[in-house]
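Chemist: Here's a structure for you.
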Amino acid sequence: GENVEQHPSTLSVQEGDSAVIKCTYSDSASNYFPWYKQELGKRPQLIIDIRSNVGEKKDQRIAVTLNKTAKHFSLHITETQPEDSAVYFCAASKKSDYKLSFGAGTTVTVRA
Amino acid sequence: EAGVAQSPRYKIIEKRQSVAFWCNPISGHATLYWYQQILGQGPKLLIQFQNNGVVDDSQLPKDRFSAERLKGVDSTLKIQPAKLEDSAVYLCASSQHAGPHNEQFFGPGTRLTVL
């Protein structure tokens, strides 16, 4: 099955700085890559996603890039704010089964 | 719009006991998922329903776990008997249709502690 690896496991940044989280996937058939944000004790919520026919997607301070050849994708958060502190999960799925395989998560702490 | 509802929010049981979790998806969502999230890990899919039929249960430990979605709406997940390693948050999610372009909406989860 699909194997998604996520790095780093923890990330501490100064408020206003950028944060970058990287994920790799194993199955070249994967074609959908969502990112979820999970605040402490709360449910995961989709923040951005990208499909394999697109190399980059932006939504305000959040951007995701995809390199299909290298089989990796990244989440970029610019001008970080305290409310960005959370656990972020990457995931991947392929058209044949639509199952989401999640990474282990990155705990992001934004220091004021 | 109302979100995915789950109950109970917390459950503490002793090993070898039984436990059941309930999920009510977003109205009109055909696809329902149960995930297991062990502390420090990402969610792992246990079972996926499309309406009242099972699409994928390949990662469900069928010797102790069972799930049903009668009438294609609410779903229950049962563990019988529970083991210590079953301690986790059980997340229910739903999407309008199956497929990678349909966002999965998660419920608040049920935190299970097995002593």
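The values are calculated or read from the model by the stated rules, or taken from the named source; none is laboratory data. The structure presented is a predicted model; accordingly, all values stated were derived computationally and were not measured. Cβ: placed from backbone, ideal geometry, glycine included. Neighbour counts: every protein chain shown.
Chemist: Kindly indicate which of A:30, A:85, A:96 is surrounded by 13 or more Cβ atoms within 10 Å (Cβ to Cβ) and at pLDDT below 95.
Modeler: Result of the check over A:30, A:85, A:96: A:30.
Chemist: Considering only strands (runs of 3 or more DSSP E) fully contained in the range A:1-74, which possess at least 2 residues that are closer than 19 Å to residue A:87 by Cβ?
Modeler: By residue number, A:4-7, A:10-14, A:19-25, A:30-38, A:45-51, A:62-67.
Chemist: Could you run through the range A:46-66 and say how many residues are among the polar types (S, T, N, Q) and modelled with pLDDT under 95?
Modeler: Residues that pass the stated criteria total 2.
Chemist: Could I ask something else about it? So, of the residues in the range A:43-56 that are within 11 Å of the chain's Cα centre (by Cα) and within 8 Å of chain B (Cβ to nearest Cβ), which turns out to be surrounded by the most Cβ atoms within 10 Å (Cβ to Cβ)?
Modeler: A:49
Chemist: Sticking with this one: In the range B:24-47, is there at least one residue being surrounded by fewer than 21 Cβ atoms within 10 Å (Cβ to Cβ), among the basic types (Lys, Arg) and over 23 Å from residue A:34 (Cβ atoms)?
Modeler: no
Chemist: Let me ask something else about it. Considering B:77, B:39, B:112, which residue is in a loop (DSSP other than H, G, I, E, B) and closer than 18 Å to residue B:12 by Cβ?
Modeler: B:39
Chemist: Here is a further query. When the range A:12-40 is examined, which residues are found to be of a type in the set (D, E, K, R) and under 16 Å from the mean Cα position of the chain (by Cα)?
Modeler: A:22, A:37, A:39
Chemist: May I pose another question? What about residue A:40, is it closer than 25 Å to residue B:39 by Cβ and surrounded by 13 or more Cβ atoms within 10 Å (Cβ to Cβ)?
Modeler: It is false that residue A:40 is closer than 25 Å to residue B:39 by Cβ and surrounded by 13 or more Cβ atoms within 10 Å (Cβ to Cβ).
Chemist: Which of the residues that make up the range A:99-112 are crowded, with 16+ Cβ neighbours inside 10 Å and either on the phi < 0 side of the Ramachandran plot or outside any loop (DSSP other than H, G, I, E, B) (or both)?
Modeler: Matches in the range A:99-112: A:99, A:100, A:101, A:102, A:103, A:104, A:106, A:107, A:108, A:110.
Chemist: Still on this structure: So which of B:85, B:68 is of a type in the set (Asp, Glu), modelled with pLDDT of 95 or more and over 27 Å from residue B:27 (Cβ atoms)?
Modeler: Testing whether each residue is of a type in the set (Asp, Glu), modelled with pLDDT of 95 or more and over 27 Å from residue B:27 (Cβ atoms) leaves just B:85.
Chemist: If I ask for residues that are more than 10 Å from every other protein chain (Cβ to nearest Cβ) and either without any contact (Cβ under 8 Å) to a residue 40 or more places away in the chain or more than 21 Å from residue A:9 (Cβ to Cβ) (or both), which ones from the range A:97-112 would you list?
Modeler: Once the filter is applied, which keeps residues that are more than 10 Å from every other protein chain (Cβ to nearest Cβ) and either without any contact (Cβ under 8 Å) to a residue 40 or more places away in the chain or more than 21 Å from residue A:9 (Cβ to Cβ) (or both), the range A:97-112 yields only A:112.
Chemist: Same structure again: Among the numbered conditions (1) modelled with pLDDT of 95 or more; (2) part of a loop (DSSP other than H, G, I, E, B); (3) within 9 Å of chain A (Cβ to nearest Cβ), tell me where residue B:63 comes up short.
Modeler: Only one criterion in (1) modelled with pLDDT of 95 or more; (2) part of a loop (DSSP other than H, G, I, E, B); (3) within 9 Å of chain A (Cβ to nearest Cβ) is unmet by residue B:63, namely (3).
Chemist: Another question, if that's okay. Among B:4, B:19, which is touching a residue at least 60 places away in the same chain (Cβ under 8 Å), in contact with a Gly (Cβ under 7 Å, 6 or more places away or on another chain) and under 27 Å from residue A:45 (Cβ atoms)?
Modeler: Criteria check complete, one pass: B:4.
Chemist: Moving to a separate point now. Could you run through the range A:58-94 and say how many residues are without any contact (Cβ under 8 Å) to a residue 40 or more places away in the chain, touching an Asp or Glu at 6+ places or on another chain (Cβ under 6 Å) and either within 14 Å of chain B (Cβ to nearest Cβ) or under 17 Å from residue A:108 (Cα atoms) (or both)?
Modeler: The qualifying residues number 1.
Chemist: Here's another thing I want to ask about it. Which of the residues spanning the range B:22-52 are in contact (Cβ under 8 Å) with a residue 12 or more places away in the chain and among the small types (Gly, Ala, Ser)?
Modeler: Within the range B:22-52, B:27, B:28, B:30 meet the criteria.
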